[in-house]
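Below is one structure, written out as structure tokens, with a few remarks after it.
The values are calculated or read from the model by the stated rules, or taken from the named source; none is laboratory data. All figures in this text were calculated on a predicted structure; none of them were measured in a lab. With ideal geometry, Cβ positions are generated from the backbone for all residues, glycine too; neighbour counts draw on all protein chains shown.
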Amino acid sequence: MAIVDMSAREMAAAVRSRELSALEIVDAHLAEIDAHDHEVRAFLLVLGDEARRRASQIDAAIARGEEVGPLAGVPVAVKDNMALRGVETTCASRILAGWRPPYTATVLERIEAAGAVVIGKTNLDEFAMGSSTENSGFFATRNPVDTSRVPGGSSGGSAAAVAARFAPLALGSDTGGSIRQPASLCGVVGAKPTYGLVSRYGLIAFASSLDQIGPFARNVEDAAALLSVIAAHDAKDSTSLGAGFDASEIATGVRGMRIGVVEEMLDGVSPGVSSVLDSAIASLVEAGATVERVSVPAARFGLSAYYLIAPAEASSNLARFDGVRFGLRVEGEDITETYLRTRASGFGAEVKRRIMLGTYALSAGYYDALYGKAQQVRTLIARDFAAAYERFDALISPTSPTVAFRFGERSDPLSMYMSDVCTIPSNLAGHPGISVPFGAAEEGMPAGVQVLAPALGEATMFKVAMALEAAAAKQTVPAWRSAAAS
Amino acid sequence: MSLEDKYLITVGLEVHCELRTATKLFCGCANAFGSPPNTNVCPVCLGLPGALPVLNRQAVEYAIAIGLSLNCDIRRSVFARKNYFYPDMPKDFQISQYDEPICVEGFLALPVAGKRVGIVRAHIEEDTGKTTHVGNSGRIHGSDFSLVDYNRSGIPLVEIVSEPDMESAEEAREYVSELRAILVATGATDGKMEEGSMRVDANVSVRLKGTDELGTRCEIKNLNSLRSLGRAIQYEAQRQMELVEEGGRVHQETRHWNEDDGLTSSLRSKEEANDYRYFPEPDLVPLEPSLEMVESVRRSLPVLPPARRAVLAELAGGRPSRSELEQIGTCITLELDDYVISATAAGVPFKLALSRTANELAALVGTAEAVAAGSFVEVLKAEDSGRLSATQAKAVMSRLAEKGGSVEEAISALGFVGLSDSEVAALVERVTGENPDEWGRYLAGENQLAGFFIGAAMKASGGKVNGRIFSALLAGKREVAQH
């Protein structure tokens with residue numbers, strides 16, 4: 001088996017047993033990036049030298065007999081909205097081009113302490129705002145399965161990197177589906193943990209009450225392994241929970257489990273995705289679960305509530321990009337003009353649209369009717385999910401209503417926002433969700449099944465994901481491989 | 001009829017005080033004054049992308065201490081973001097508390113004015129950085145460039161908002177002075193107005209006497225001392241009264257106090273005011289101090305000025321006069337009340353002890369501490385017994401404050417060692433003998449001539465004679481001569 005096709009756990013085991021060196025593993029991935037990233041454009045920055053240096057350190061540590069972590073020598077691609085000391089971190093925005101943070105995000109400290117090697121910073125929709133990675137301030141990332149299509153977003157670069165075998169693992173952030181939707185569109189696993197399970201310290205905020213960092217992998221157990229490394233209390237994040245995540249008991253099956261199919265997430269789903277969900281349901285029944293439809297009524301209002309709350313928080317979070325202390329500065333006659341020019345030329349259209357939406361939603365006289373009302377909807381959604389979890393252990397739905405679309409196909413913002421209709425409710429509730437690839441839908445493109453669980457129900461969620469993975473049709477592969485095969 | 005007779009002035013105050021925590025409100029940077037620019041900074045207080053706030057426990061304890069000392073309820077509170085753009089605010093929003101502050105519904109008693117001022121709320125917020133505008137204007141617009149120091153960014157503040165319960169500049173000054181004394185006593189702040197660790201904004205309005213509805217208010221900023229607070233309110237009230245008197249209308253606005261020119265000028269109108277777009281700070285969780293925490297803060301509070309004031313008022317016989325109240329206030333503010341208590345306990349009359357503490361000791365600000373309470377009592381007893389004159393007693397106190405040492409050393413160094421009774425008797429003989437005419441007239445009943453003889457005795461002794469003893473012996477000699 002080619003190195004780049006191994007699972008992350010196999011790579012770490014091979015490094016620890018010295019069957020393979022960390023350097024060999026890193027070099028194999030750098031070679032793959034070199035060969036194919038010009039087609040995919042998953043990375044904003046490939047950290048070749050740093051990754052090789054780090055791999056050599058790990059090999060040396062192993063040679064000295066030192067304890068190396070569970071991810072020893074495993075390359076990880078990191079969405080470029082997480083701060084890494086001394087390394088350019090941009091959020092795919094021109095306003096941050098060239099900015100090198102003087103500190104490192106907690107998640108990156110944790111994966112490095114576990115022996116992982118950060119291989120590069122991946123592309124995203126600017127400030128994680130979008131569902132196709134077309135909103136990157138630099139360039140669009142292409143879906144490795146079909147490079148005429150988008151990889152989804154906003155963590156499109158991370159999803160594409162894992163699908164393309166540029167890294168076995170990646171980190172993304174999910175505010176309304178930004179991990180799960182691109183995972184679905186690229187045919188990989190992507191999980192959004194319970195809000196507060198993973199530290200946000202060093203994650204450049206889009207919408208603070210919704211953002212959560214999570215793993216991408218090509219199999220469920222790898223995703224669980226990465227989550228178990230990053231899930232921990234962090235004193236630097238006041239919203240951090242006291243919990244961790246134990247990945248050791250997720251393979252026990254779903255026999256006797258009660259699983260609900262969320263009715264509100266079946267509207268407007270394409271026939272191909274719909275039939276993928278149907279086979280997934282059949283496989284769960286086959287595995288011994290009872291599956292029924294369930295209504296989570298307030299989930300219907302998720303999208304509307306989300307597009308008030310997320311932009312409101314974003315309008316405040318993004319105020320600091322003002323040209324005064326870091327990033328782009330376009331000088332004006334006075335401070336006000338400098339603010340205006342800097343922000344007008346530094347931010348892209350979607351970011352500006354959301355700043356305006358959010359500013360409006362928080363304005364005097366509109367707050368109660370907009371932001372205030374949206375917060376009430378959020379409470380209702382949490383209440384309706386809680387009611388559903390009284391009867392069900394986990395819920396499932398399509399991850400996204402369609403397969404990956406072609407570039408430019410969704411120029412109308414609303415149609416783009418609809419890609420996240422199934423993923424947004426769990427962000428509003430703070431609950432975990434995972435997308436598991438379940439074969440191909442329209443035109444051979446991958447489609448994922450979403451598994452939802454109550455807060456801190458990751459173990460249950462991963463059990464269902466494991467069962468789905470076991471029954472799933474063969475995974476999709478990068479376009480250059482299917483072309484070579486045919 | 002003067003304007004003051006016709007109009008009622010209403011003042012409400014917003015006081016910001018910096019808390020004396022070791023570190024900043026949301027990060028581990030030092031809370032220090034006077035460090036080189038931008039040395040007490042980190043990703044959090046510089047608002048770097050991705051950095052997150054973590055609340056300082058000590059700041060919460062100080063805020064609770066302030067609330068308790070102002071008779072407030074301590075409640076569950078929520079941090080909010082106050083959004084506006086300014087270069088000294090790194091995140092372009094300030095983390096503050098908005099509709100759910102930690103302390104609500106208290107009061108502060110003004111002893112001299114004899115009234116209570118309601119406290120609407122006291123809440124926790126972070127301070128901004130400090131901008132220096134370089135160039136001719138001194139304001140951000142029109143300056144050549146501006147320098148920002150973020151050392152102050154994230155310093156914990158408590159903002160205390162009063163009800164509009166004050167009716168004069170005098171009352172406003174008393175409020176701030178009393179508030180300061182209380183806050184300093186709790187240890188929550190050092191109360192240094194000149195270093196900006198206590199900052200006051202005043203809301204001033206006027207209305208015709210006999211009407212209930214408050215007039216339109218103006219908020220005055222840049223009040224850096226009690227003196228400017230008093231002057232600014234006086235000026236602003238006068239401006240508004242004249243305006244209304246001429247048939248004009250007061251516009252709600254923020255005004256800047258210019259200390260040099262002694263006037264306020266418009267900074268921005270209500271229409272120009274920012275919409276701060278407050279919303280709950282999603283990076284922090286609601287603050288819910290446990291009952292235990294509140295009680296532990298309550299137990300650790302020292303005896304506060306109102307209680308200390310009550311002790312002195314009791315010594316004054318329970319009903320101190322206005323001038324005594326003012327003197328008591330001075331003793332409390334300067335934390336000199338222990339001197340009064342010690343002296344009174346040692347048998348010095350209260351009025352003398354209070355007056356010497358509030359006037360002479362208080363004038364020795366900064367060095368008054370050098371006069372040990374024991375020495376102070378000794379001096380007052382010497383004065384009370386007549387061994388030292390009032391002038392001499394004051395001189396001895398000054399010397400003790402300056403040079404230290406014992407009271408006896410000070411008395412002898414100043415040459416105040418009194419003459420013995422026989423030496424005084426000899427002086428009586430001498431000055432009466434040298435001035436037979438005056439002595440005759442004194443014998444004949446011209447009592448005021450006693451002063452003449454005292455003067456002569458002072459001159460003859462080089463000021464060492466004790467006037468009271470001399471007078472007694474002089475009177476005794478006359479009695480003997482008359483029989």
Q. Which of the residues belonging to the range A:360-381 are within 12 Å of chain B (Cβ to nearest Cβ), under 30 Å from the mean Cα position of the chain (by Cα) and aliphatic (A, V, I, L, M)?
A. A:Ala361, A:Leu362, A:Leu370, A:Ala374
Q: Go through B:Val303, B:Val244, B:Val297 for me and flag whichever is hydrophobic (A, V, I, L, M, F, W, C) and over 26 Å from the mean Cα position of the chain (by Cα).
A: B:Val244
Q. For the range B:100-124, which residues satisfy the criterion of being closer than 19 Å to B:Ala65 by Cβ, buried (at least 19 other Cβ atoms within 10 Å of the Cβ) and of a type outside the set (A, V, I, L, M, F, W, C)?
A. B:Pro101, B:Gly106, B:Arg121, B:His123
(Q) Given the criteria within 14 Å of another protein chain (Cβ to nearest Cβ) and either in contact with a Ser or Thr (Cβ under 6 Å, 6 or more places away or on another chain) or charged (D, E, K, R) (or both), does A:Gly177 qualify? (A) no
Q | Flag for A:Leu185 being touching a Phe, Trp or Tyr at 6+ places or on another chain (Cβ under 8 Å) and surrounded by 24 or more Cβ atoms within 10 Å (Cβ to Cβ) | A | no
Q: Could you list all residues from the range A:100-119 that are away from chain B (no Cβ under 12 Å) and on the phi < 0 side of the Ramachandran plot?
A: A:Glu109, A:Arg110, A:Ile111, A:Glu112, A:Ala113, A:Ala114, A:Ala116, A:Val117, A:Val118, A:Ile119
**Q.** Odd one out for B:Glu219, checked against (1) in a strand (DSSP E or B); (2) acidic (Asp, Glu); (3) at pLDDT below 85
**A.** (3)
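Quickly run through the range A:304-344 and pick out the residues that are basic (Lys, Arg) and within 11 Å of chain B (Cβ to nearest Cβ).
A:Arg320, A:Arg325, A:Arg343
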Q: Give the residues of the range A:63-85 that are surrounded by fewer than 24 Cβ atoms within 10 Å (Cβ to Cβ), closer than 22 Å to A:His29 by Cβ and over 21 Å from the mean Cα position of the chain (by Cα), sorted by residue number.
A: A:Ala63, A:Val68, A:Gly69, A:Pro70
Q.
Among the numbered criteria (1) of a type in the set (A, V, I, L, M, F, W, C); (2) within 22 Å of the chain's Cα centre (by Cα); (3) away from chain B (no Cβ under 14 Å), which one does A:Leu428 miss?
A. (3)
Q: From (1) over 17 Å from B:Arg399 (Cα atoms); (2) assigned to a helix (DSSP H, G or I), pick out the condition that doesn't hold for B:Thr357.
A: (1)
**Q.** B:Asp127 vs. criteria under 30 Å from B:Glu174 (Cα atoms), in contact with a strand residue (DSSP E or B) (Cβ under 8 Å, 6 or more places away or on another chain), more than 12 Å from every other protein chain (Cβ to nearest Cβ) and surrounded by 20 or more Cβ atoms within 10 Å (Cβ to Cβ)
**A.** yes
Q | Only one of A:Leu308, A:Leu370 that is modelled with pLDDT of 95 or more and either in contact with a Leu (Cβ under 6 Å, 6 or more places away or on another chain) or under 27 Å from A:Asn135 (Cβ atoms) (or both) | A | A:Leu308
Q) Quick one: what pairs do we get from the range A:121-138, first residue free of Cβ contacts under 8 Å to residues at least 40 places away in the same chain, second assigned to a strand (DSSP E or B), C-beta under 6 Å, 6+ apart or different chains? A) none
Q. In the range B:226-256, which residues are under 18 Å from B:Met166 (Cα atoms) and exposed (fewer than 14 other Cβ atoms within 10 Å of the Cβ)?
A. B:Arg227
Q: Would you confirm whether any residue within the range B:49-58 is out of contact with any helix residue (DSSP H, G or I) (no Cβ under 7 Å at 6 or more places or on another chain), away from chain A (no Cβ under 14 Å) and crowded, with 18+ Cβ neighbours inside 10 Å?
A: no
Q) Just to be sure, is A:Phe301 at the interface with chain B (Cβ under 10 Å from one of its Cβ atoms) and among the aromatic types (Phe, Trp, Tyr)? A) no
**Q.** Top-ranked residue of the range B:284-293 - restricted to ones that are in contact with a helix residue (DSSP H, G or I) (Cβ under 9 Å, 6 or more places away or on another chain) and surrounded by 17 or more Cβ atoms within 10 Å (Cβ to Cβ), ranked as nearest to the other protein chains (Cβ to nearest Cβ)
**A.** B:Leu287
Q: Looking for whichever is within 13 Å of chain B (Cβ to nearest Cβ) and either among the aromatic types (Phe, Trp, Tyr) or farther than 22 Å from A:Ala225 by Cα (or both) here; the options are A:Thr133, A:Thr90. Which one fits?
A: A:Thr90
Q) So A:Ala12 fits all but one of (1) crowded, with 24+ Cβ neighbours inside 10 Å; (2) touching a Lys or Arg at 6+ places or on another chain (Cβ under 8 Å); what number is the exception? A) (2)
Q) Somewhere in the range A:154-171, is a residue farther than 22 Å from A:Tyr103 by Cα and at pLDDT below 95? A) no
Q) For the range B:259-276, how many residues meet the condition of being of a type outside the set (A, V, I, L, M), in a loop (DSSP other than H, G, I, E, B) and either in contact with a Phe, Trp or Tyr (Cβ under 8 Å, 6 or more places away or on another chain) or more than 8 Å from chain A (Cβ to nearest Cβ) (or both)? A) 9
Q) When you go through B:Ser300, B:Ser323 one by one, which is the residue that is without any contact (Cβ under 8 Å) to a residue 60 or more places away in the chain and surrounded by fewer than 15 Cβ atoms within 10 Å (Cβ to Cβ)? A) B:Ser323
Q: Evaluate the following for B:Glu326: is it within 24 Å of B:Arg173 (Cα to Cα) and either touching a His at 6+ places or on another chain (Cβ under 8 Å) or assigned to a loop (DSSP other than H, G, I, E, B) (or both)?
A: no
Q.
I'm told A:Arg258 meets every condition in (1) of a type in the set (Lys, Arg); (2) surrounded by fewer than 21 Cβ atoms within 10 Å (Cβ to Cβ); (3) closer than 30 Å to B:Gly50 by Cβ except one. Can you identify the failing condition by its number?
A. (3)
Q. For the range B:176-213, what are the residues that are of a type in the set (A, V, I, L, M, F, W, C), part of a loop (DSSP other than H, G, I, E, B) and within 13 Å of B:Ile66 (Cβ to Cβ)?
A. B:Ala188
Q) When you go through B:Leu19, B:Leu48 one by one, which is the residue that is over 22 Å from the mean Cα position of the chain (by Cα) and assigned by TED's automatic domain parsing to the domain that holds B:Gln234? A) B:Leu48
